[in-house]
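**Q** Below is the structure I would like to discuss, written out as structure tokens.
A short reminder: the numbers here are calculations on the coordinates, not readings from a lab. Because the structure is predicted, anything quoted here is derived from the model rather than measured. Cβ placement follows ideal geometry from the backbone for every residue including glycine, while neighbour counts extend to all protein chains displayed.
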Amino acid sequence: MKNEPNATPAAHNFQSVKDVETHSKTRMEKVLSDLQHEMAGVRTGRASVSLLDNVRADYYGTATPLNQLATLHVPEPTLITVQPWDVSQIGVIEKAIRAADLGLNPANDGKLIRVPIPPLTEERRKELVKKLHHIAEDHRVALRNIRRDANEHVKKLLKDKLISEDDDRRAHDEIQKLTDGQIQKLDQAVKTKEKEILEIK
């Protein structure tokens, strides 16, 4: 989880519970979209260009995403092709894919890089599931941190006498409900991805 902004309660001046809830919901949705992005980089048994989403190649000193350097294509279920726009960069791109710890072994013919997607071994599947659970846990923690911030904001509203104690209690319940709902979405997404990893083609 790199993208979650560390908003401290003092950084915002909320006037109502609604403001706090809206702000928290937006932050939680960002966490879920970050989760989707990170999970896309965890490979399953079938080829998908999103597998290379997190690979960066050194393009004249700048770490650049592959989809900004080449056309990515899946001509068959077990192959990704990478067609560099600038053929002089083919070696650099191939090296980046090899170094990305995805267990891939690209080969190029001078014009095109072929990335065969080998079937996952039982052991590799288990490693990937472990990695997936690690990603999921990071994002769960991020959601709980947002809940904690939201509760702090609500407490401050109570302290500043902007809301009543009943509002305070209700707000805490709503925030908990929001958090539970988002964690449920996260768990569901992770479960689906895990099934894809463990599926034997």
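**Q** Does the stretch 46-62 hold any residues that are over 14 Å from the mean Cα position of the chain (by Cα), buried (at least 19 other Cβ atoms within 10 Å of the Cβ) and over 19 Å from Val87 (Cβ atoms), and which are they?
**A** Within the stretch 46-62, Ala47 is the sole residue that qualifies.
**Q** Taking the criterion of being in contact (Cβ under 8 Å) with a residue 60 or more places away in the chain, loosely packed, with under 13 Cβ neighbours inside 10 Å and not polar (S, T, N, Q), would at least one residue in the stretch 86-103 satisfy it?
**A** no
**Q** Do you know which of the residues in the stretch 129-159 that are β-branched (Val, Ile, Thr) and within 30 Å of His172 (Cα to Cα) is surrounded by the fewest Cβ atoms within 10 Å (Cβ to Cβ)?
**A** Ranking the candidates gives Val141 first.
**Q** Among (1) outside any loop (DSSP other than H, G, I, E, B); (2) out of contact with any strand residue (DSSP E or B) (no Cβ under 8 Å at 6 or more places or on another chain); (3) surrounded by 14 or more Cβ atoms within 10 Å (Cβ to Cβ); (4) β-branched (Val, Ile, Thr), there is one condition Ile163 misses while meeting the rest; what is its number?
**A** Of the numbered conditions (1) outside any loop (DSSP other than H, G, I, E, B); (2) out of contact with any strand residue (DSSP E or B) (no Cβ under 8 Å at 6 or more places or on another chain); (3) surrounded by 14 or more Cβ atoms within 10 Å (Cβ to Cβ); (4) β-branched (Val, Ile, Thr), the odd one out for Ile163 is (1).
**Q** From Val154, Val190, which residue is part of a helix (DSSP H, G or I), β-branched (Val, Ile, Thr) and farther than 19 Å from Lys126 by Cα?
**A** Val154
**Q** In the set Val20, Val74, which member is part of a strand (DSSP E or B), in contact with a helix residue (DSSP H, G or I) (Cβ under 7 Å, 6 or more places away or on another chain) and hydrophobic (A, V, I, L, M, F, W, C)?
**A** Val74
**Q** Something else now. Look through the stretch 176-195, keep the residues that are farther than 16 Å from Ile135 by Cα and either in contact (Cβ under 8 Å) with a residue 12 or more places away in the chain or of a type in the set (Phe, Trp, Tyr) (or both), and return whichever of them is surrounded by the fewest Cβ atoms within 10 Å (Cβ to Cβ).
**A** Taking the candidates together, the pick is Gln176.
**Q** Let me ask you something else. What are the residues in the stretch 104-128 that are surrounded by fewer than 13 Cβ atoms within 10 Å (Cβ to Cβ) and not in a loop (DSSP other than H, G, I, E, B), if any?
**A** Ala107, Glu122, Glu123
**Q** Something else: Name, by its number, the condition in (1) in contact with a Ser or Thr (Cβ under 9 Å, 6 or more places away or on another chain); (2) within 30 Å of Pro77 (Cβ to Cβ); (3) small (Gly, Ala, Ser) that does not hold for Ala150.
**A** The single condition Ala150 does not satisfy is (2).
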